[in-house]
Amino acid sequence: MLKERISIVLLAIFIISFSNSSSVYASGKGKLRGFVTDSTNGEPISYANLAIKGTTLGAPSDNKGYYYIPSIPEGEHTVVVSFLGYQSQSIKVMIKADEITQVDIKLVPSNIRLQEISVVGERSVRENEIDLGLQKISKNEIEMIPTGFESDLFKTIQSSAGVSSTGDVTARYYVRGGSSNQNLVLLNGVTVYNPFHALGIYSVIDPEMISLAEFNKGGFGPEYGGRLSSVLNIITRDGNKSNFQANATAGMLSGKASLEGPIPGGSFLLTGRKSYYSKMLSKFLDGRDAPFDFYDFSFKINDQQPDWLKNGKFIVHGFFSGDRINNNDQLVEDYDIKNNILGINWYQIWASPLYSFISLSYSGYKAEVLPNLSDSKARLNKIRDITANFNFTYIYDSKDELDFGAEYKSLNSVLQEQNLYYQNINYEKKSDALSGFVKYKFYRYENFGIDLGMRVNFLSLTEKIPMLLEPRFNFTWRIHPLLSLKAAVCRSSQTLTTLSNDKELIAVFEPWTILPDNLSPAEATQYMLGIQAYMTEKLTLEIESYYKSQKLLSVPNRQKYDAHDADYINIDGESYGLECSSKYQNNFLFFKTAYSLSWSYLINGTEKYFPRYDYRHSLNIFSGFDLGEGFSLSLTWAFNSGMPYNPVDGSYYRLLITDPWDVSVLTVKPTQNWNMKEVKRLPFYHRLDIGLSKKFHTSFAEFTIDASVLNVYNRKNIFYFDIQTGKQINMLPFLPSISLRAEL
């Protein structure tokens, strides 16, 4: 009852704010809008700073390069535009009363050397920005971090405060005590259900296609739903609008290529990657054979027709990936996993200060276990997701913003498998979901930023209805020009789950499905409090604390004793912690640290235990240097306290009936008895990685050689102990790699 009353109060605030905002500020002032792009290729520049000289007016460009500055006094003004790695510009503009003036701005790169080390732009002109828990990741930052055979977005995310992993051999990440299936991954607004290659060692997202990735650890707005822990919104590049360009990279694991260029009214981008020497991945698996074969392919076509639709942009995009694990042995099972994504986006700036984003997309996922003649059982999982999104943003003269929209999702999940008696089980569920959201951002106060949002679940994918209202609240108070206090509250629900076990070291088959009827949708409430301090113009310090309560999580039943017991049950969870991050950036150096102190628990009645991904301490230090003459150097050092595990009390032999039609055929299998009440922790983990890059030019192409060494001092970090032999299995050893990139 209390939650519903709070929600009603928030909705009342929305209505009052919407009805009064337009009349608070008198007319007689003009507006300025436009797009900020790169002068060399036409790519949008996200989060560039725009300021009206001699005033406190200004705004950053958004993730599509669009900016809008209202309430500018009429007359001639100078607009100062800046972004790290580009030459600042001062542009004269004439503002007329009650009119919108459009000025599109093309920034010129300072030089190649400055672009190499720039990560994301300088300090934003909007000091009351509501961005607690938000991290903006650029392609440059991804490529600077040494990650072995492939640059990888998820490895970059794993180095963030509040994010943990279960080892070197996986790109799966866990955010603030949530399981890996609680993370929403969006590619141009479309859900990616299997964002991993090669048993989860790498992500399927090639950094070559990335323009910007926005990673939010819990304070995400009401426009996002369906997950409890985090949202990763990946925006791909548009493609070069000025010239045709081709890139090719040959590494020790895979080769990749891209082609981009202008088309009438827009541009296109094609990227592709294919593995060709999977034996290199045996380094990730303690020398065992790794018969992986993977690929990914993407395309994006942008069309802008100012003659008949000014400030409108249509995008057609697609992404396809596949993983095949073929053991070439009839006694061993094989795996086949695929993603297929198609989407159409329409982005429109209207005559009034209103812009919209409308999209229609399809996301298909298929995973199959092919048992051959092994003891494994045939399993098949398919997801068909058709989603339509309608998002609108209205900007008032007061600088306030009103966002509203709706999402319709039609989803079909299929899970087919065999039980121990070779009986086929088919769990198929088709359902529709409809949700809406409204969000009001108070930007009118120079030292305050308030974001009040509400997500409403009108229809649910599950029979057991999740919470109707999901309030979201974000707050920024600029206490001092160099110090801001921030807070956020986020309520969310989840009706999809993976029927997997986070205790598995390497999860090959993780079937997605709509929750079975016996399970309730999961819910989470997260409270966040943070401080952001600008120690200097180049040095930023952020401290965040959080408490997250999770209800009705779907997990394997640890107390299943017979066939009548449920395979999965609902339990609760709890996590809390403190995170400290610092970042220093100039034209020649990028330095970042991230420290986390955290606790995570799963709670089943009176039983309270640690999940596998619970780290007490985590520290990541990264530095990138521009050495001149085309050389750049990067170093990463990571430290984690040990992961929890349950020790073995003893072992016994089980008699198994391997042939259900002949009970006389028995198999003896050694089985361990785990002490589920006692928890021990592995030793500390730490590792140093170094990367060196050299760029040089010829008459026909630009080449880049990237060399890296993982685990420089060959630290023997424990991955697990083999149950049968007791042998210690370590994570990555000393591992050098090299790749060559050519840009034509």
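Pulled fully out, how much extra length does the chain show between D567 and W308, if you take 0.36 nm times their separation in residues and subtract their Cα-Cα distance? Mind dumping the intermediate values first?
Numbers: separation 259, 0.36 × 259 = 93.24 nm, distance 5.76 nm.
Net length gain for the segment: 87.5 nm.
Modelled spin-label separation between L744 and S90, with each label point placed 7 Å from Cα along the Cα-to-Cβ direction: 4.4 nm.
Using the Karplus relation 6.51 cos²θ - 1.76 cosθ + 1.60 with θ = phi - 60°, the per-residue 3J(HN,Hα) values for region 384-394 come to 10, 10, 10, 10, 10, 10, 10, 10, 10, 9, 10 Hz, with x marking Gly and Pro. For region 28-117, the Cα gyration tensor yields ellipsoid semi-axes of 25, 12, 10 Å (square root of five times each eigenvalue, largest first, whole Å).
Loop-located chymotrypsin sites (Phe, Trp or Tyr not before Pro) across region 313-349 with a Cβ neighbour count of 11 or fewer within 10 Å are lacking, with loop assigned by DSSP.
Too long at a 19 Å Cα-Cα cut-off: which of K29/K310; K548/K608; K366/K429; K29/K64; K274/K716; K53/K96?
Numbers: K29/K310 23 Å; K548/K608 16 Å; K366/K429 15 Å; K29/K64 26 Å; K274/K716 31 Å; K53/K96 17 Å.
Beyond 19 Å between Cα atoms: K29/K310; K29/K64; K274/K716.
Take the Cα of Y362, step 7 Å toward its Cβ, do the same at D104, and the gap between the two points is 3.2 nm. Once the C-beta distance of A701 and F588 is scaled by a Förster radius of 41 Å, the resulting FRET efficiency is 0.95 to the nearest 0.05.
For region 682-722, the spread of Cα coordinates along the three principal axes comes to 54, 19, 11 Å, biggest extent given first. Rounded to the nearest Å, what's the spacing between the alpha carbon centres of region 140-208 and region 398-447? Just the number, please. With region 140-208 and region 398-447 each reduced to a Cα centre, they are spaced 21 Å.
Among DSSP beta bridges lying fully in region 290-381, give the percent that are antiparallel, nearest 5. Present the calculation step by step, with values, prior to reporting the outcome.
Numbers: 45 of 45 bridges.
The antiparallel fraction comes to roughly 100 percent.
What the Cβ-Cβ distance of N327 and A250 gives, at R0 = 25 Å and to the nearest 0.05, is a FRET efficiency of 0.40. For region 362-379, putting each phi into the Karplus relation 6.51 cos²θ - 1.76 cosθ + 1.60 with θ = phi - 60° gives couplings of 10, 10, x, 9, 9, 9, 9, 9, 9, x, 6, 9, 7, 7, 5, 9, 5, 9 Hz, in residue order, rounded to whole numbers and with x for Gly and Pro. Sum up the charges of everything whose Cβ sits under 14 Å from the Cβ of L515, counting Lys and Arg as +1 and Asp and Glu as -1, but leave L515 out. Every neighbour counted, the sum reads 0. A cut-off under 14 angstrom between Cβ atoms defines the neighbours of K409, and their net charge, with Lys, Arg +1 and Asp, Glu -1, is +1.
What's the extension gain from D375 to L627 if we count 0.36 nm per residue and subtract their Cα-Cα distance?
On the way: separation 252, 0.36 × 252 = 90.72 nm, distance 5.58 nm.
The D375-L627 span can extend by a further 85.1 nm.
We did not get these values from a lab; they are worked out from the coordinates using the rules stated. Predicted model, so just to flag it, every value in this text is computed and none were measured. Cβ: placed from backbone, ideal geometry, glycine included. Neighbour counts: every protein chain shown.
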